Every structure is written in structure tokens, then in C-alpha cells.
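Asks: Sending over a structure as C-alpha cells; questions will come in a sec.
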Amino acid sequence: MPTTNIFEWYRTNGRPRPLRAARLSRLMLLAVLAYFFACPALWADDADKSWTATTESQSDNVNPTRTTESHTRNGNRTLDSQSIQRRGTDGHFEPYQDIEKETVKVDATTTRTTTRAFALGADRAKILVQITEEEKHTSAGGDSSVVRSISNPDVNGKLQIVQRQVEETKKISKDVEDTKTTVMLPSVNGGLAPAMKVEERRTLGANNSVESQKTTLRPDGAGNWQVDEIRQATTRQEGKNRSTEERISRPDSDGKLGEISRTVSKESETASGEKRNTVETYSLDVPGSARDGGLHLVERSTTSQRTNSTGQQTTEQRVEQPKPGDPGSGLQVITLTTDTVRPSPSGAQATRTIQARDANGSLGVVSVDTTKSDNIHAIQVQIAPSESPK
């Protein structure tokens, strides 16, 4: 099976990105509950409780799957696991992939996290396909350091490091924080060599505004580091309303930096508790059109969330894009995702329905997922980022 960065699959990458229909059926399959791997602190009151959640997925032209997630904590050790089964040729569900994440609080300043991904071998035996090891150190002043290593087995089954990431965060002042990250990959000369650097500065401004600039650098082959991308973001908070604007600039063929895309998001909450999040993406590239030097709206994602008097939570996300071959006709809905979470004394049950526009222009159901859990917190749906964009 392909070896992917399992740790990054679990991490929160700031605000959610709109996904195309083909990716929705796969990458959003477990989004109702899977984010708990990245955000265990969201329910600190339940940190010492064990719970399980099971999802069954039915999608067009995709083999049905069943996913069981569990969370246990014992002292300074926490174990989160995910087991995926798929329907076999005999009609019964059979093991397909297991992921185990173990977090150990070594002391007040050190945390070690190990994530293992397993798959079934040719002889139906469970084999390790990837392991990610992370050690994080924090200081009382707010500084932190993280070393993360990803290893895959070679042809002989021996684990080999395929990526190492070193991240250093320092508090420059009470309002300024810098993070420097170096990503190292296997070198043709053996061992690991720096392949990418990321330098980020976050500044807290007036009225709870946050400004950040993230610069990505890559080697040019002559021993020099060149700017590959700059991301600048500004977030403003007014009560329960928040807005974020992110600009991405990259060098052109002559090495001159220029803005290639812009994303504007707005989050709000009404007096009745209904939440709404709109994300608009502007780009130089418009499908079916040549570049004219300007930014154009190429996608809008609108998510609304409401809770009724019985505690049932309904979340709806609409993703709009230009009509293929006719960008001047405006945006049309290409996917519609509806999540419903129903609480009960024994836990909760959730249903996710994804509709996508087909070749005839009609919205049709492409997948229906159901989740049952003995812990309602495991399947709450978020429509806003759990942390400020970085």
C-alpha cells in the first residue's frame, strides 16, 4: 500500500479547506469523528474516560467499509486506535488497516507520541507499514521544540527513516512568536539532508487580531536557499465573529514574487446559536480560461451548523465552483455534505450524506456514513478551526 505521512493525516492544519467531490468521499469519510486524534484536549473533562465509535460507509463504486475508533487513558499514557475493515468477496467484513497512536507524558515538559500504521500482508498477517515518532519539549516561558521522525520498512522489512522534521518555537515577546522548521529527506549520498525550511512569525495585534507570515525555502542545487512560497494571513476577532484573509505569493519564471491566490473566510454566530462559516478562494488560474493577470473567485465553501431543542446537531456544507468550460456563468454547487448528530443517554449516532453533481448536472448521493459512539464528544462536528490559522 502507499506509504503516507500518517502523523500529518492526524494533525490540524488550521482552517478546513474545501474539497472536491472525488476527495470528499475519501478524505472526509471519517471527518465526523476522526479529528479527535489531533484534538484530544477538546474534551478535557472526558480525558480519563474510555470510549469507542463505529462508522459504516456506503459509497457508489466504493467497497463498503467499517471503521472502529477507541480511546483509552491510563495515568500518563493515552492510546487512540483506529481499525478499518472492508467487505471481502464472501460478503463479510475483513481487516484492512489499523492505526495506533500512543501518547506518553514523560514529565511536566516532555511528551512522546508514537503512531503506528499496520496493513495485512499477502499471508493475511498484520504488518507494520509506517511508524512516526515524536518528542516534544516545552518550557515555562512558552518555548518548545519538536523532533518528528517517519520510518518505513525496506524490502527486507527493516525500518528506515524517510523523513525527519525539527521544529523550534520561541517567544520573542509577549505578542510575538517565531517558529523555524527544517524538513530532512534521504540524500543521494546517504543519510538525511535538509530539503525544506519554513520560517514563521505570528504577532498578536490590537483587538485580538493575529498576523502571521510563513516563508518556505528550498535549496537551489548550488547550496543556496531560495524562497519558494510566502503565506501572509491576518485574523480579526469581534465577539463571536471572526474573519481571516490569507495571501499566497510565489516566484515566477524570472524569480519575481507575485500573489497567486487569496482566501477570505468569515465565521459568525447568531443570537440563537447558529454558526456559519464562509470560505472564498481566489486564484490566478480559472479552469477553462487563460490567465489575465487578475485574481478570480474559483471556489466558495459555505458551512452552517444549528442545534435544535432536543440536542440534535445538523451541519451542512455547500461547495461551489465555476461550471467546467464556462467560467463566466458563475458558481454552481458541486458537492453538498450534510451531517446529523443525534445524542442519546448511551452516547450518540451520526449520519453523513454526501451529494455530488454528476455529468448531467444533477446532485446525487455518492455516500452515506453512519457512526455510533458511546461518547457524544467523539462525533461532534466542527465548522470552524480549532486554532488560529498559521
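Asks: Kindly check whether there is at least one residue in the stretch 190-203 that is among the hydroxyl-bearing types (Ser, Thr, Tyr) and either open to solvent by less than 40 Å² (accessible area, probe 1.4 Å) or under 26 Å from ARG116 (Cβ atoms) (or both).
Replies: no
Asks: Please name all residue pairs, on different chains or six or more residues apart, with Cβ atoms under 7 Å, provided the first residue is in the stretch 113-125 and is within 14 Å of GLN97 (Cβ to Cβ) and part of a strand (DSSP E or B) and the second residue is open to solvent by 30 Å² or more (accessible area, probe 1.4 Å) and β-branched (Val, Ile, Thr).
Replies: Hits for this filter: PHE118/ILE127; ALA119/ILE127.
Asks: So in the stretch 335-366, with the set limited to residues that are open to solvent by 50 Å² or more (accessible area, probe 1.4 Å) and among the hydroxyl-bearing types (Ser, Thr, Tyr), which one is modelled with the highest pLDDT?
Replies: Looking at residues that are open to solvent by 50 Å² or more (accessible area, probe 1.4 Å) and among the hydroxyl-bearing types (Ser, Thr, Tyr), I get SER362.
Asks: Any residue that is within 20 Å of THR67 (Cα to Cα) and either modelled with pLDDT under 90 or open to solvent by 20 Å² or more (accessible area, probe 1.4 Å) (or both) - is there at least one of those in the stretch 319-328?
Replies: No, every residue in the stretch 319-328 fails to be within 20 Å of THR67 (Cα to Cα) and either modelled with pLDDT under 90 or open to solvent by 20 Å² or more (accessible area, probe 1.4 Å) (or both).
Asks: Which one is modelled with the lowest pLDDT, of the residues in the stretch 367-390 that are part of a strand (DSSP E or B) and open to solvent by 40 Å² or more (accessible area, probe 1.4 Å)?
Replies: Within the stretch 367-390, the match that is modelled with the lowest pLDDT is LYS372.
Matching residues to (1) touching a residue at least 60 places away in the same chain (Cβ under 8 Å); (2) open to solvent by 50 Å² or more (accessible area, probe 1.4 Å); (3) in a strand (DSSP E or B); (4) closer than 23 Å to GLN213 by Cβ:
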position	(1), (2), (3), (4)
ALA140	no, yes, no, no
VAL146	no, no, yes, yes
ILE150	yes, no, yes, no
VAL155	no, yes, no, no
VAL188	no, yes, no, no
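Asks: Additional query: Just name the residue that is modelled with the highest pLDDT out of those in the stretch 59-101 that are out of contact with any strand residue (DSSP E or B) (no Cβ under 7 Å at 6 or more places or on another chain) and of a type in the set (Gly, Ala, Ser).
Replies: Going through the qualifying residues, I end up with GLY75.
Asks: Sticking with this one: SER261 is checked against (1) at pLDDT 95 or above; (2) under 26 Å from GLY364 (Cβ atoms) and fails just one. What number does that condition carry?
Replies: Failed condition: (2).
Asks: What number of residues within the stretch 284-299 satisfy the criterion of being touching a residue at least 40 places away in the same chain (Cβ under 8 Å) and assigned to a strand (DSSP E or B)?
Replies: Of the residues in the stretch 284-299, 1 are touching a residue at least 40 places away in the same chain (Cβ under 8 Å) and assigned to a strand (DSSP E or B).
Asks: Given the conditions (1) touching a residue at least 12 places away in the same chain (Cβ under 8 Å); (2) open to solvent by 50 Å² or more (accessible area, probe 1.4 Å), report the number of the one that ASP220 does not fulfil.
Replies: If we test ASP220 against (1) touching a residue at least 12 places away in the same chain (Cβ under 8 Å); (2) open to solvent by 50 Å² or more (accessible area, probe 1.4 Å), just (1) comes out false.
Asks: Mind listing whichever residues of the stretch 102-123 are touching a strand residue (DSSP E or B) at 6+ places or on another chain (Cβ under 6 Å) and open to solvent by 70 Å² or more (accessible area, probe 1.4 Å)?
Replies: Within the stretch 102-123, LYS105, ARG112, ARG116 qualify.
Asks: I'd like to know if the stretch 95-111 contains one or more residues that are under 21 Å from GLN160 (Cα atoms), over 19 Å from the mean Cα position of the chain (by Cα), in a strand (DSSP E or B) and aliphatic (A, V, I, L, M).
Replies: Within the stretch 95-111, none of the residues are under 21 Å from GLN160 (Cα atoms), over 19 Å from the mean Cα position of the chain (by Cα), in a strand (DSSP E or B) and aliphatic (A, V, I, L, M).
Asks: Here's another thing I want to ask about it. Got a sec? Which of VAL166, VAL227 is within 22 Å of THR109 (Cβ to Cβ), of a type outside the set (Gly, Ala, Ser) and surrounded by 14 or more Cβ atoms within 10 Å (Cβ to Cβ)?
Replies: None of the other options fit; the residue is VAL166.
Asks: Now a separate question. On the given criteria, is THR303 among the β-branched types (Val, Ile, Thr) and under 28 Å from THR353 (Cα atoms)?
Replies: Yes: the conditions hold for THR303.
Asks: Quickly run through the stretch 233-286 and pick out the residues that are acidic (Asp, Glu) and open to solvent by 30 Å² or more (accessible area, probe 1.4 Å).
Replies: Of everything in the stretch 233-286, those that are acidic (Asp, Glu) and open to solvent by 30 Å² or more (accessible area, probe 1.4 Å) turn out to be GLU238, GLU245, ASP252, ASP254, GLU259, GLU269, GLU274, GLU280, ASP285.
Asks: State all residues of the stretch 169-181 that are surrounded by 15 or more Cβ atoms within 10 Å (Cβ to Cβ) and more than 16 Å from THR215 (Cα to Cα); if no residue qualifies, say none.
Replies: Matches in the stretch 169-181: LYS170 only.
Asks: Against the definition (assigned to a strand (DSSP E or B) and modelled with pLDDT of 90 or more), how does GLU56 come out, yes or no?
Replies: No; evaluated as a whole, the condition is false for this residue.
Asks: Next question. Name the residues in the stretch 288-304 that are in contact with a Lys or Arg (Cβ under 9 Å, 6 or more places away or on another chain) and either open to solvent by 30 Å² or more (accessible area, probe 1.4 Å) or at pLDDT below 95 (or both), would you?
Replies: Those that are in contact with a Lys or Arg (Cβ under 9 Å, 6 or more places away or on another chain) and either open to solvent by 30 Å² or more (accessible area, probe 1.4 Å) or at pLDDT below 95 (or both): GLY288, LEU295, ARG300.
The values are calculated or read from the model by the stated rules, or taken from the named source; none is laboratory data. Predicted model only: the values in this text are computed from it and were never measured. With ideal geometry, Cβ positions are generated from the backbone for all residues, glycine too; neighbour counts draw on all protein chains shown. Ligands, DNA and RNA are stripped out before the accessible areas are found, and what is left, the full protein with its side chains, is counted by its heavy atoms. Shrake-Rupley method; radii C 1.70, N 1.55, O 1.52, S 1.80 Å.
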